[in-house]
Amino acid sequence: MTKIIENTDKGLGFVETKYFTFGNPPDELKLESGEKLSPVTLAYETYGTLNEDKSNAILILHALTGNAHVAGYHPGEKDPGWWDNMIGHGKAFDIDKYFVICSNVIGGCHGSTGPSTINPKTNRPYGLDFPLITVKDMVTAQSYLVKSLGIKKLVCVAGGSMGGMQVLQWTVSFPEMVATAIPIATSARHSPQQIAFNEVGRQAIMADSNWNDGNYYGKSAPRSGLSVARMIGHITYMSDVSMGEKFGRRVKEEHGDKKFSPDFEVEGYLQYRGDNFVKRFDANSYLYITKAIDRFDLTNGGSLEKVFKAASAVKFLVIAFKSDWLYPAYQSKEIVRACKQAQVDVSYCELNSTYGHDAFLLEVEEQEHFIKNFLRRVSDE
Amino acid sequence: MSNNLPIPDIKKVKLEYRAILDLIPTGSSVLDLGCGDGELLNLLVKIKNIRGSGIEIDPEAVRKCASLGISVSQQDIESGLSDYGDRSFDFVILNQSLQQVVKLEAVLKETLRVGNKVIIGFPNFVYYKSRLQMVFGGRTPVTPSLPNMWYDTPNLHFLSITDFQAYCRDRHLEIEKVIYIDGNRRIKFFPNVFAQTGIFLIKNQK
């Protein structure tokens, strides 16, 4: 416990997750599928102070398995929020200047309405009765939250990976509410390779007999399936070099007595990450959210340039990482190219890193340099 | 585009940059190819209030551009230019990078597509000191504007002012203005002998 307090001294201290509920009949949330969701709760956290004219807000959006707890500590937990090194006093997103909001997504399992939520019509968890959601639906829901805080225009929307997709969707769905956008390590649409990895994860979950067509709440969850899905995910988040550096071919100290027990540290690590993940994530949420990002296509079958013409007043900073093979730099360059053709102000940097896709969570110093200077430039204009 | 850094003293700016500043009217849109650490773009923003962007491949230079508040894309010139639509900028600058471009002709064509006018600055390979080094020293010349030894030069093309003039004639490019520079002096006579650097303002002939 002492250690936690030591850490919090330098950072934001204790923070708490808040909940915003809307969409009670007759104002249900209309989804892209045509279905309606009601009521809708979004978990979110805020840091810093909203100024009087509510013009200093930044919205942070999280990746596939992230949540609203982006910075600071929750009492009793030893790790801070998932982007704590980027959000705080004097950090990339400086809470001395900005009011930072991080919103969870619908379909998730960290306090927002999703398949594990109680369906008011049946008084049982939704399970597969939960409607299919899209990235656009996630963003539409977030727009209710932002408006409820009295904010008409966000200084910036920023996020990596799936968070970056939400960023892009924000600039297209609500261009008048966004001054600047920072999509990081992301894509305007998934490639077949990205869809393929997600499909293996989904198949692993659905092949687990505990999954039971999504009807497992109150019983044994499909732990082994979800764990395998997470292991595949982790492989794609790292790089050959980062795995080499982290594990090499080192063997585990404790070796199980079964023939095919893990020998190498990398095997043990993946199992550990998988086992930990099932404690904090819902398998159905994993299915719904991966499907949403696989179906995400900002172009809607048209040209990306046309899409960005609607967002021509938004200023972009696009960041990619050289060793990211899950969301390769060429996908960021497609976004940059479309911005340029649409005459949208865009800066692009391709940062050196060996961390692979995880770099957006780990390469703090370089991202801070570009984000700080970008926010300073656009606020001077 | 602006930042809170102080406005540079124009008298301390090197002549090459002052010559380029003179070519660009206030409020223009400018793309600087191979913009380095953004020094020239920053001057243009501060003094000429331009709307500018840069393309630069070197990560350290891109980092410095960000500090200056310059909008820059980390790309190579050859692939980066194709991202832009026709006539996206009033001016495209290719200063001291022309000689390092692999597909020079293709890039020149692209600059003239993307910009209404193009400013090209390059070192004159047949500057008189180079000629002396070659003829009397028997060595590949090393001068302030071509400072590298033969084994570590980034330059792929070696051209003279007369070469470039002939090229513009052949390709029907109109030379609207040209400035010849030797260090801190403007050269008026026999530029192909006495100028270290030529700065050309060109456009497609109508």
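The values are calculated or read from the model by the stated rules, or taken from the named source; none is laboratory data. Just so we're clear, the structure is a prediction, and the values are computed from it rather than from any experiment. Heads up, the Cβs are rebuilt from the backbone with ideal geometry, glycines too, and the neighbour counts pull from every protein chain shown.
Observations on the model:
- Filter result (surrounded by fewer than 18 Cβ atoms within 10 Å (Cβ to Cβ) and within 14 Å of chain B (Cβ to nearest Cβ)) within the range A:291-305: A:Ser303, A:Glu305
- Hits in the range A:283-311 - residues which are over 23 Å from A:Ala196 (Cβ atoms) and not in a helix (DSSP H, G or I): A:Gly302, A:Ser303, A:Ala310, A:Ala311
- Residue within the range A:346-366 that is crowded, with 23+ Cβ neighbours inside 10 Å, at pLDDT below 95 and touching a strand residue (DSSP E or B) at 6+ places or on another chain (Cβ under 9 Å) present: no
- Members of the range A:157-177 found to be within 16 Å of A:Ala313 (Cβ to Cβ) and not β-branched (Val, Ile, Thr), listed by number: A:Leu168, A:Trp170, A:Ser173, A:Phe174, A:Pro175, A:Glu176, A:Met177
- Pairs are defined by a Cβ separation below 6 Å, a sequence spacing of at least 6 or placement on different chains, a first member in the range B:52-63 that is more than 8 Å from chain A (Cβ to nearest Cβ) and under 11 Å from A:Tyr348 (Cα atoms), and a second member that is among the aliphatic types (A, V, I, L, M) and assigned to a loop (DSSP other than H, G, I, E, B); the pairs so defined are B:Gly54/B:Ile70.
- A:Lys136 being closer than 19 Å to A:Val40 by Cα and either basic (Lys, Arg) or without any contact (Cβ under 8 Å) to a residue 24 or more places away in the chain (or both): yes
- Inter-residue pairs, beta-carbon under 6 Å, first aromatic (Phe, Trp, Tyr) and in the range A:115-128, second not in a loop (DSSP other than H, G, I, E, B), 6+ apart: A:Tyr126/A:Asn119
- The criterion of at least 2 residues that are not assigned by TED's automatic domain parsing to the domain that holds A:Gly23 is met by the following helices (runs of 4 or more DSSP H) wholly inside the range A:115-219: A:192-207.
- Some residue of the range A:361-373 being facing chain B (nearest Cβ under 10 Å) and closer than 22 Å to A:Ala188 by Cα: yes
- Test: residue in the range B:144-157 that is in a helix (DSSP H, G or I) and under 20 Å from B:Leu23 (Cβ atoms): no
One line per residue, one yes/no per condition, for (1) under 18 Å from A:Gly114 (Cα atoms); (2) modelled with pLDDT under 95; (3) of a type outside the set (S, T, N, Q):
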site	(1), (2), (3)
A:Asp9	no, yes, yes
A:Phe22	yes, no, yes
A:Lys30	yes, no, yes
A:Ser33	yes, no, no
A:Lys36	yes, no, yes
A:Leu42	yes, no, yes
A:Thr46	no, no, no
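- Selection within the range A:317-345 - farther than 17 Å from B:Ala66 by Cβ, buried (at least 20 other Cβ atoms within 10 Å of the Cβ) and under 20 Å from the mean Cα position of the chain (by Cα): A:Ser323, A:Asp324, A:Leu326, A:Tyr327, A:Ala329, A:Gln331, A:Ile335
- Which listed residue is in contact (Cβ under 8 Å) with a residue 40 or more places away in the chain, touching a strand residue (DSSP E or B) at 6+ places or on another chain (Cβ under 7 Å) and within 13 Å of chain B (Cβ to nearest Cβ), from A:Phe308, A:Phe316: A:Phe316
- Residue in the range A:281-289 that is at pLDDT 95 or above, among the charged types (D, E, K, R) and outside the structural domain of A:Thr171 (by TED's automatic domain parsing) present: yes
- A single entry from A:Ser191, A:Ser220, A:Ser187, A:Ser209 fulfils the requirement of being hydroxyl-bearing (Ser, Thr, Tyr) and buried (at least 22 other Cβ atoms within 10 Å of the Cβ): A:Ser187.
- Strands (runs of 3 or more DSSP E) (entirely within the range A:1-113) containing at least 3 residues that are surrounded by 20 or more Cβ atoms within 10 Å (Cβ to Cβ) and on the phi > 0 side of the Ramachandran plot: none
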